[in-house]
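The values are calculated or read from the model by the stated rules, or taken from the named source; none is laboratory data. Quick caveat, the model's predicted, so the values are computed rather than measured. All Cβ positions, even for glycine, are placed from backbone atoms using ideal geometry, and neighbour counts span all protein chains on display. Surface accessibility is based on the protein's heavy atoms, side chains included, excluding ligands, DNA and RNA. Shrake-Rupley method; radii C 1.70, N 1.55, O 1.52, S 1.80 Å.
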Amino acid sequence: MKKSYRVKKEKEFQAVFQHKQSCANRRFVVYVLEKPEQKHFRVGISVGKKIGNAVMRNAVKRKIRTSIYQLKESIDPTCDFIIIARPGVDKLTSEEIHSNVTHVLKLAKILK
C-alpha cells in the first residue's frame, strides 16, 4: 500500500481519536474520521505489545494491510480510519483476520 494511504503522524492519529466515532468486534476496534475533501481513504494500524514480540506484531500488521488492500475498491474514499488489534489476533490465520476486518469495517459503515 502506498504511503499516501497511511495515517502516520501522531497528530493525525489524535485527530481520529478525538472524533470519538468507533466500532468494534472481538478482534478489532476501528475509529473513523470523515473527511469529505479527501481523494482516497487513509488507514492507520496499531498493534500493541500485548499481542507479542515485534516479529509477531509486524506479521499481524502485514495481514491486516493485505486484507485492507483486497478491500480497497469497496472502502469509502472520504475517511481516515484506525484499526486497533485486540489480544488474540496473533493466533488467527490470514483468512480469519480478513473476515474479522471485513466485519468490523461493515459495522463502521466504511465499506460500500
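Points worth noting:
- Against the test of being surrounded by 12 or more Cβ atoms within 10 Å (Cβ to Cβ) and farther than 16 Å from LYS112 by Cβ, the options ILE68, ILE75, ILE83 yield a single qualifying residue, ILE83.
- Meets criteria (open to solvent by 20 Å² or more (accessible area, probe 1.4 Å), within 23 Å of GLN21 (Cβ to Cβ) and more than 14 Å from the chain's Cα centre (by Cα)) for THR102: no
- Among the residues making up the range 77-101, none is assigned to a helix (DSSP H, G or I), over 18 Å from VAL47 (Cβ atoms) and touching a residue at least 24 places away in the same chain (Cβ under 8 Å).
- Any hit, the range 50-65, residues being within 11 Å of the chain's Cα centre (by Cα) and of a type in the set (Gly, Ala, Ser): no
- Output for the range 9-54, where each listed residue is touching a Pro at 6+ places or on another chain (Cβ under 6 Å) and under 20 Å from GLU73 (Cβ atoms): HIS40, PHE41
- Scanning the range 1-17 for residues that are assigned to a loop (DSSP other than H, G, I, E, B) and not charged (D, E, K, R), we see that the one that is most open to solvent (accessible area, probe 1.4 Å) is MET1.
- Residue match in the range 9-22 (condition: out of contact with any Lys or Arg (no Cβ under 8 Å at 6 or more places or on another chain) and under 15 Å from LEU111 (Cα atoms)): yes
- Residue tally, condition open to solvent by 50 Å² or more (accessible area, probe 1.4 Å), of a type in the set (S, T, N, Q) and part of a loop (DSSP other than H, G, I, E, B), over the range 18-53: 2
- If you check SER67, SER74, SER46 for being of a type outside the set (Val, Ile, Thr) and touching a Lys or Arg at 6+ places or on another chain (Cβ under 8 Å), only one passes: SER74.
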